[in-house]
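Take a look at the structure below.
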Amino acid sequence: MKSAELFTILKERVANDQLTWTLDRQKDIANVRHKKLGKGMTISLPQVINRFETKGDAAIEEITYTISETFNAMERESVGELPGEQHIYPVIRSTSFPEESREGHRFLTSPHTAETRVYYALDAGTTYRLIDEKVLETLGMTSEQVQEIAKFQVKKLKTAVKEDHVAGNVFYFLNENDGYDATRILNESFLKDMKKKVQGDMTVSVPHQDVLIIGDIRNEAGYDVLAQMAMHFFTNGKVPITSLSFVYENEALEPIFILAKNRPEKENDKK
């Protein structure tokens, strides 16, 4: 599928006369803008095409649903229909993720690791809105209040995992598809409980927003499997975070570089 063909399909499937569509052939992106609100979003067409090649029409359905729900949320927000504090959650993003909205308002963030940063979101059911300075003002809350609420909300998220055994190692996958799978990395109680189950080295991976992987690495082959697994998820995720994994030791996360046929080096030890 070519970018121009995908652009036409998306424009046809997202039926909203308030939206204007522009194809930037040079950057290979689609710009979608709401006429009345003056807000928009940018879609990387090659990214969607890559997912289409592996998932077929389901990839198209995913992106059209995201576009529709994002603009629906914007419309609700414009008339003051913001969710309450019980809908505030933290989300994990890469440190390369923008720190301000397209309108120039800084997002509320907290430091996490060298590879990841914590953002905060208002959940609207089918989508969520990252909290920036303007939203914070509308909520009438301080950043500290939002952060405390979000920390409490993490504990409410389900932590059921699926188990898989590969080459003598055990991998646990958390994939609820609720938009907060990677967020579970902030649940300290969950990580401590998983640590008790692990017999080897415990690793934690958040390659993209919709998956969290706990590794029980019991032999050298486990690190190679983990590296391939994390990279696969990273390249196929809708919202990539990091292809690096973390070792969980002494209730702390340390980014690691996985070297083929060798044990990993902690990032801080690599010279």
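Quick check: net charge around Val161, other residues with Cβ under 13 Å of its Cβ, Lys/Arg +1 and Asp/Glu -1? Write down the numbers at each step before the final one.
Details: positive: Lys158, Lys162, Arg184, Lys197; negative: Glu163, Asp164, Glu176, Asp181, Asp193, Asp216.
Value of the local net charge: -2.
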Rounded to the nearest 0.05, FRET efficiency between Asn175 and Glu251 (Cβ-Cβ, R0 22 Å) equals 0.35
Given backbone amide H placed at 1.01 Å from N, residues whose amide H is under 5 Å from that of His112, ignoring those fewer than 5 places away on the same chain, are Val118
Which residues qualify? For Gly40, with a placed amide H closer than 5 Å and at least 5 residues away or on another chain, they are His34
Around Pro111 (Cβ within 13 Å, Cβ-to-Cβ, excluding Pro111; K/R +1, D/E -1) the net charge comes to 0
In the list [x] 36, 20, 15; [y] 34, 24, 16; [z] 29, 19, 17, the entry giving semi-axes √(5λ) of the Cα gyration tensor in Å computed from the coordinates is [y]
Scoring segment 105-240 by relative contact order with C-alpha pairs under 8 Å, at least six apart, yields a percentage of 17
So the carbon and sulfur contribution to the accessible area of segment 123-203, 1.4 Å probe, in percent, is 47
To the nearest Å², the heavy-atom accessible area per residue of the chain with 1.4 Å probe amounts to 52
The relative contact order of the chain, taking Cα pairs under 8 Å that sit 6 or more residues apart, comes to a percentage of 12
Inter-part gap, Cα centre of segment 2-36 to Cα centre of segment 87-160, in whole angstrom, is 28
Rounded to the nearest 500, the 222 nm mean residue ellipticity computed for the chain from DSSP H runs (n ≥ 4, each -39500 (n - 2.57)) alone is -10500 deg cm²/dmol
Karplus-derived 3J(HN,Hα) from phi for segment 225-240 (6.51 cos²θ - 1.76 cosθ + 1.60, θ = phi - 60°), whole Hz, x at Gly and Pro, runs 4, 4, 4, 5, 5, 5, 5, 4, 5, 4, 6, 10, x, 5, 10, x
Sorted by chain and number, the residues with a modelled amide H under 5 Å from that of Asn187, at a separation of 5 or more or across chains, are none
Residue-ordered couplings for segment 196-213, obtained by feeding phi - 60° into the Karplus form 6.51 cos²θ - 1.76 cosθ + 1.60 and rounding to whole Hz (Gly and Pro as x), are 5, 7, 6, 9, x, 7, 9, 10, 10, 10, 10, x, 8, 4, 9, 7, 10, 10
For 18-29, 101-112, 199-210, ranked highest to lowest by mean beta-carbon neighbours within 10 Å, the order is 199-210, 101-112, 18-29
Most packed first (mean Cβ within 10 Å per residue), the peptides 172-185, 219-232 order as 172-185, 219-232
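The values are calculated or read from the model by the stated rules, or taken from the named source; none is laboratory data. It should be emphasised that the depicted structure is a prediction, and the values quoted were computed from it without experimental measurement. Here the Cβ is made from the backbone with ideal geometry for all residues, glycine too, and neighbour counts use every protein chain on show. Quick note on the areas: whole protein, heavy atoms, side chains included, nothing else; ligands and nucleic acids left out. Shrake-Rupley method; radii C 1.70, N 1.55, O 1.52, S 1.80 Å.
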